[in-house]
1. By count of other Cβ within 10 Å, fewest leading, how are S133, S168 ordered?
2. Given only helices, namely DSSP H runs of n ≥ 4 each adding -39500 (n - 2.57), what is the per-residue ellipticity at 222 nm of the chain, to the nearest 500 deg cm²/dmol?
3. Per residue, what volume in Å³ does the convex hull of the Cα atoms of the stretch 112-241 enclose?
4. Given the C-alpha centroids of the stretch 85-106 and the stretch 1-40, what is the distance between them in whole angstrom?
5. Along the stretch 198-204, what does the Karplus equation 6.51 cos²θ - 1.76 cosθ + 1.60 (θ = phi - 60°) give for ³J(HN,Hα), rounded to whole Hz, x for Gly and Pro?
6. Using only C-alpha atoms and all pairs of different ones, pull out the Kirkwood radius for the chain in Å with one decimal.
7. By count of other Cβ within 10 Å, fewest leading, how are Y170, Y134 ordered?
8. Testing the spin-label approximation: label points 7 Å from Cα along Cα→Cβ at D165 and Q178. State their distance in nm.
Amino acid sequence: MIEFSDVSKSFGPSKIAVDHLSLTVNDGEIFGFLGPNGAGKTTSIKMMTGILKPDSGRIKINGIDIAENPIEAKKQFGYVPDSPDQFLRLKGIEYLDFMADMYDVPLELREERIKKFSDEFEMSTALGNTIQSYSHGMRQKIVIIGALLHDPAVWILDEPLTGLDPKSAYTLKQRMRQHADAHKTVFFSTHVLEVVENLCDHVAIIDHGHILFAGSLEELKEQHKGDESLEKIFLEMTDHE
Ligand SMILES: Nc1ncnc2c1ncn2[C@@H]1O[C@H](COP(=O)(O)OP(=O)(O)OP(=O)(O)O)[C@@H](O)[C@H]1O
Ligand SMILES: [Mg+2]
């Protein structure tokens, strides 16, 4: 479970990136976070993961306040950032070992999970190469595998499907579904509305740091006369012209 209570964040005196945001992401659901470029999604996610400090408000992960108890809160989640271009000089396997060390994953368990995820995402033969040599999609996949190694209850994914080939995207979406069905938490941002329509139970739409809508997809469609596509609803809600 993820709880945002009245969270705000500005960059400098004039740029309000996130404005009094309150949001609850329940266990057992896939929650899609939508909004135009610059809406405040990544800023919200970085506050959720303790990378950025909110100016005001509180964020709890599984009931643990990220500001008050950051280490315990961070053990609850796995995080995939919006850019996978990190630790480029490490080999894939070195990166995964590093992540497993950080999260105290026992040796046997990490070997089993690295094998399983690397096979699933077709990364097994690339693990001996440096991340520098990976394509964008391969970098994305090594970060995803690293984030899942400690079997976190809460998944926080910032545009996780960007750059994934169809098979890897399918694998990740299936895993997200299984995780939510096991009564755990999946929160992700995306621009791909088809994915949202097919995968999400709940959505929030953010624009200029404000939540325009938060609720189930059915509620959203009901509010918009029931028969329109999510694309049309989204474009209408975020149109400022
Ligand atoms: N470090 C920063 N310094 C100054 N302004 C920032 C910083 N990070 C984000 N912003 C601003 O905050 C706003 C929200 O940015 P954010 O990255 O959260 O958007 P986003 O919804 O993730 O967009 P995208 O869909 O393009 O990823 C934007 O106007 C952006 O310019
Ligand atoms: Mg972003």
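Values in this text are rule-based calculations from the coordinates and carry no lab data. Note that the structure is predicted; figures quoted are calculated from it, not measured. Every residue, glycine among them, receives a Cβ derived from its backbone with ideal geometry; neighbour counts consider all protein chains shown.
1. In increasing order of surrounding Cβ atoms, one gets S133, S168.
2. -11000 deg cm²/dmol
3. Hull volume normalised by residue count: 135 Å³.
4. Centre-to-centre distance over Cα atoms comes out at 29 Å.
5. Ordered by residue, 3J(HN,Hα) equals 8, 10, 8, 8, 10, 9, 10 Hz.
6. Working: mean 1/r = 0.0540 Å⁻¹.
Taking every pair of different Cα atoms in the chain, averaging 1/r and inverting gives 18.5 Å.
7. Working: Y170 12, Y134 19.
Sorted ascending by nearby Cβ count, the order is Y170, Y134.
8. Taking the two extended label points, one gets 2.0 nm.
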